[in-house]
Every structure is written in structure tokens, then in C-alpha cells.
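Trainee: Just passing along the structure, written as C-alpha cells.
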Amino acid sequence: MSFPLSDIITGILSTTLQLSPFYLFAAMGEIVSEQAGVANMGLEGIMLMSLMSTFVVDYMTGNPWIALLAAVGVAGVIGAFFAFTAIRLRVDQIASGLAIYLFGLGLSFVIFNTVYPTGLTPNYIPLPSLIANWNTVPYLGTIFLKQNIMAYISVVLVVVTAFFLTRTSLGLRVRAVGENPKAADNMGVNVNKVRFLAVLFGALMFGVSGFYFAGNFVPGFQTDVIAGRGFIVLAMIYFANWKPYRTLFAALSFNLVYAMQNEYVSLSGFGVASVSTLFNMLPYVFLLALIPVFGRKARVPKFLLKPYRKG
Amino acid sequence: MVVVYAGGNLGVALSSLFLNPITLAGGIQQIFVRFILFYTMGLGVGLALKAGLWNIGAQGQLLIGMVMVFVVYTFLAFLPWPALYVAMILGAALGGLLWISVPTILRVRFGANEIVVTILLNVVAINFAFFMLSGPIKSSGTALGFPHSVELPAQFKIPNIVGGVPITYAVPATIALGIILYLVVERTPFRVKADTVGESHETAKYAGISIPRVMAVTMLAAGALAGLAGATYLMGYRYELDIGSFSTNYGLVAIICALVGRKHMLGIGFASFFFAYMTIGAESMALSANVTTYVVFAMEGIMMLGILLGNYLTERRFA
């Protein structure tokens, strides 16, 4: 087997851009949520529920846009419930987040299994590529035009989130309630309302992530199919110090490492899974290695994980 | 109280769960297998939690512990039987300890968040275990498609206390471990130290407590305990390592048990037994109702939320 180097590089870049949006949507959601002082560890559970809804609704309607609505809707309901427990009832955020994860992990498969007990499903209809005949453009077509519109939106979302958090008054209020809720309260900010909105926004973005996962990562639904990738988002934003552009960098570099080892493994054609699993560790070890380098400067929002009680 | 609460909360649906585990064949064995797993791991999670540290990576440390059992078994095979037996158990604990030493060092030396690092290491652990399983500790006869280790010979299995009753010596050993930790942790000044570090680093500093030391000791112990759980699981029940041992939920359930047991070394034991019982009950109910056993995860999530909300309600009443 011999492939021209240019094809290999094109393939690697294409994979990088195809996979990154999943992390970006969720990361922007979690950044806003955590800047407001609420860490949502249930993100992967919400993603699994949204992913399951995406597949089921897509199979039934054949329309990926309706599936997106379903995914976001489901995420919103679970997110609102999580926000209620974490903010209004002041339940430990990590504990209730993990409970939401277990809940989503189990329920997503139970529902899917009830709807499609045999596992036989109609064909999944994905979102179309940005340009239908991307094949005609050499290199750039595969890298950029093959991606669907959501991939582009994810990059716009990074810019919007960065602008929102630093340049809008609501964004400043979000950061204020995570940094110093008492002062924010004294200035007339409704702390818990802002937190609720931030957590809800976060959950909606997990829904979009779950939607994006379908087709781009897996062809169909299985148990525990996201397999920890949702949790990786927490590491990315930690490494990125809650900054949207740095998160973009983290997501792209993580997926670049992933795409490179993936390409290498498939080209070298290891017969057994043995060596390839070692390479599969690389992106995570890469992220891990970055943490002592960049993570030591991390400035956690001061009131992250701390519920606010007025008065 | 917890049982009454969860039972009252979920009503009739759960009441049928209570009988299945003790009436069905193998139910009691399953309860104790899970109890040992949850309790051993939960003790570690709870210990770290006392110092305010979240070990989300108990699942990874458990896996490494299981891998280490077979690494020792394969590569130290020249040792005589009793020494190898002990070495396998200690090796598992050592594996868990080594695995958690990464987040411990990053946390203590660099202040890196332990939640993030332990989560990352869970994914790495799965891949590493898979690698070891398909290479260095693979069974030579892999006709079955999925990679798996050899089965441990009889002399390395933890024996039953009474011949035919499938309750092994690991059960009293685990309970003894819990009591020892209770005496060492809850009945000594260490508890105050850990609690103070968990509450406020400033207070701890003011009180002259060595924060890095408390953090390092609790985290390393947590990893060793999770690794040890791997040894008792393999040597006391499963006897071989395969992909089926990679269930992703044990570490999380251990966290739930630690929280429900309010980080108390004995409380975690009761919580672990409760969750072991409920898990087996839910599994058998799922099987008899022809629902996927994944419903168990959903139920565990709901139970955990119910218990958290219950805590909220009781706290409010007494506040």
C-alpha cells in the first residue's frame, strides 16, 4: 500500500476538522456554565441522551434538522433539571452531575433498545456537506468543503462565546456570579437566574454536541458510545484556562494528534489491536502532558462549585 | 434511613427488587462481589473526599490493579505459591497507587486539578489494559475473538469460607479493612487534619497542618484501595481478565457510595451494601422484565439524585 503524502496530510486535516466541533460545542457550553460558577459533570449523560434522540428522530423523520431540535430539546430538559438541583436546591454539583451521567448512560440505551429492540434501524440521514460536490476541489474540498454546516457554526460559536464573555453586559454578569456572587448580588444582579441561564445554555450546547456526534463519529447508537470523550471536554477547558480561543487550540491540537495516530495505525495495518491501542492513548497523554505546563497558571472561577444563598 | 428514604421515594417499583437478590440463584454471591468492589473503592474515594479531593479515576485504578494481578502472575511466576499469591494482591494495590501518583504529583506539585487528570487517566487506563491484554498478558489460546487473559489456577482463587456457600474470605477481609481504616482514620487526629484540609486550606495552613502530605497520603491510599479491589474481584470472583471486566460504572458507583456514606469509613460500608443489593435487584428485575440491564445505570442515577435531594430536605428541616 502506498499513498501520496499529500493525500495523507489532507486526510489528517480533514479528520481533525471533522472531529473538533463535537468538543467545541460542548466546551463553549461548559465554559459559560463554569464561568457562572456551576460545573456540569453530567455533560456526557446529556450528550448520550441527545445522541440517542438524534438517531431515533432522524430514523423516524429522515430530517436531520428535526433531529437537531429533538437533541437540543432533550438536553434542555435535563439541563434545566440539573440547574434546578445544583442552583435552587444547592445539591453538590459534582455528585448530581455524575448522577445525571449515570442516568443518561442508562436511559439512553434503554429507550433506544425499546424503540429498536432488534438493533435493525433505517439508514441514518446525516447533514449534507457544505458543498455537495466537494470532490471536485482538490485538497481544500476534502479538508473544508466536505464538512457540514455545523462544523463552521462551531467555530463561529467560539468567536461569539469569547465576545459574549468579555464584551457584553450579560457575559460580564455571568463571570461576576462565578467570581464573586455576593458583590454581583449587591449590584442588583439576580445571581441564581444568571447561573440558571448559563447552565441551560451549557446543556443546550451539549445537546448540539450529541447531535454532531452522530454520523461524524459513529454510524449508529450503542451503549456508552461516547466512551468518555464528553469528559475530555472538562480537561480541554481546564488546560485552556476557560478561554474560548485557547480551547479552540486545545481541541484542534488534541484532534490533530488523534488523527495522526489514527492515520498511522490504519496505514501500518497492525493486524492485532495490540499496538494500535498504545497509539490510541497518545491524544490523551498529549493533553495530560500539557496540564503541568499550562494548567499551573489555571485560574479557576472563585465560586465554582459553590452554591449561592442570598443574605 | 437511606433505605427507607429511597424505598419510599420510588415506591412500589422498587419493592419488588428487594426480594429477587436473595431468592434467585447466585444472587447472594453477586451481592457480596459488588459489595467488596464498591466498599474497597468507596473507602479510597471517601478518604480522598475527606481532604476535599475528587478521585473520579477509581475505575482506571481498578483496571490497572486487575492488569497488575496478571502482570505479577505472568512475570513473577518463579516465586513460590504463597509469595506469588501475596505478590499478586500487593501488585494490584501498587498498580493503583502508581496510577494515581500521576494526578497526585500534578496536584501537589503543580496544583493541577485532580478531577481533570483522573478523568483523563481513566481513558488511558482502558487503552493500556486493552494493550496489555492483547499482548503481554494475553492467553495463548485466543479462539474466542476478544482478547482475554488465562484463567487463574485454583490455588490463586480466594476460597469460600464454607465449602459450597459462594462467600469468600474476601468478604470478612474487606469488612476488616473497613474497620481498620475506621480506627486509623476516624478515631485519630488524622480525621481532623483531613477534614480541615478539605474544608479550607487557609485554616489548615494556620493550624500547621502539612497540606501536601495530607493530600498525597489520602490520594495514594485511594489509588491503592481501588487497585486492591481489582485483585479481590479477579481472584475472588472472575478469575480472568477480559473486555467484559471493563464495565465503566464501578468507579462512579464507588463515588456514590462514598457520598451516600457521608465519607465515613463505616458509613461507606452500609452504603456499598445497599447499592450492591439494589444493583443486583435491578439487574435481576431487568432480566425478568426483559429490559436491557442498562436500566440499572438509570436507576442508580435516579437513586443518587433521590438521596441527594433527601439530604437537602433533611438539612433544610434542621437548618
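Trainee: Select from the stretch A:277-297 the residues that are within 17 Å of A:Thr247 (Cα to Cα), more than 7 Å from chain B (Cβ to nearest Cβ) and either in contact with a His (Cβ under 9 Å, 6 or more places away or on another chain) or among the aliphatic types (A, V, I, L, M) (or both) and list them in ascending order.
Mentor: A:Ala289, A:Leu290, A:Val293
Trainee: Only one residue in B:Ser134, B:Ser140 is within 11 Å of another protein chain (Cβ to nearest Cβ) and at pLDDT below 90. Which one?
Mentor: Checking each option against the conditions leaves just B:Ser134.
Trainee: A:Ala183 versus (1) free of Cβ contacts under 8 Å to residues at least 12 places away in the same chain; (2) part of a helix (DSSP H, G or I); (3) within 22 Å of the chain's Cα centre (by Cα): which is the lone unmet condition?
Mentor: It is condition (3) that A:Ala183 fails.
Trainee: Same structure again: Is one or more of the residues making up the stretch B:86-100 within 30 Å of A:Leu305 (Cα to Cα), within 14 Å of chain A (Cβ to nearest Cβ) and touching a helix residue (DSSP H, G or I) at 6+ places or on another chain (Cβ under 8 Å)?
Mentor: yes
Trainee: Could you check how many residues of the stretch A:223-260 are open to solvent by 10 Å² or more (accessible area, probe 1.4 Å) and more than 11 Å from chain B (Cβ to nearest Cβ)?
Mentor: So the count comes out to 15.
Trainee: Is it true that A:Ala86 is in a helix (DSSP H, G or I), modelled with pLDDT under 95 and facing chain B (nearest Cβ under 9 Å)?
Mentor: For A:Ala86, the condition - in a helix (DSSP H, G or I), modelled with pLDDT under 95 and facing chain B (nearest Cβ under 9 Å) - is not met.
Trainee: Which of (1) part of a helix (DSSP H, G or I); (2) crowded, with 18+ Cβ neighbours inside 10 Å; (3) within 14 Å of chain B (Cβ to nearest Cβ) is the odd one out, the single condition A:Phe81 does not satisfy?
Mentor: In the conditions (1) part of a helix (DSSP H, G or I); (2) crowded, with 18+ Cβ neighbours inside 10 Å; (3) within 14 Å of chain B (Cβ to nearest Cβ), A:Phe81 misses (2) alone.
Trainee: Could I ask something else about it? Would you confirm, using the coordinates I've provided, whether A:Val57 is without any contact (Cβ under 8 Å) to a residue 40 or more places away in the chain and either part of a helix (DSSP H, G or I) or under 14 Å from the mean Cα position of the chain (by Cα) (or both)?
Mentor: Considered against the rule, which asks whether it is without any contact (Cβ under 8 Å) to a residue 40 or more places away in the chain and either part of a helix (DSSP H, G or I) or under 14 Å from the mean Cα position of the chain (by Cα) (or both), A:Val57 comes out as yes.
Trainee: Looking at (1) over 24 Å from B:Gly223 (Cβ atoms); (2) within 12 Å of chain A (Cβ to nearest Cβ), find the lone condition where B:Met278 falls short.
Mentor: (2)
Trainee: For the stretch A:92-151, how many residues meet the condition of being in a loop (DSSP other than H, G, I, E, B), closer than 20 Å to A:Leu252 by Cβ and either within 14 Å of chain B (Cβ to nearest Cβ) or within 19 Å of the chain's Cα centre (by Cα) (or both)? Please lay out each step first, then the result.
Mentor: Taking the stretch A:92-151 first, the residues in a loop (DSSP other than H, G, I, E, B) are A:92, A:116-128, A:130-133, A:137-139, A:146-147.
Then keep just the ones that are closer than 20 Å to A:Leu252 by Cβ; that gives A:130, A:139, A:146-147.
Filter once more, keeping what is either within 14 Å of chain B (Cβ to nearest Cβ) or within 19 Å of the chain's Cα centre (by Cα) (or both): A:147.
Number of matching residues: 1.
The values are calculated or read from the model by the stated rules, or taken from the named source; none is laboratory data. Since the model is a prediction, treat every value here as computed from it, not as a measurement. Here Cβ is always computed from backbone atoms with ideal geometry, including for glycine, and neighbour counts include all displayed protein chains. All accessible areas refer to the heavy atoms of the entire protein, side chains included, with ligands and DNA or RNA removed. Shrake-Rupley method; radii C 1.70, N 1.55, O 1.52, S 1.80 Å.
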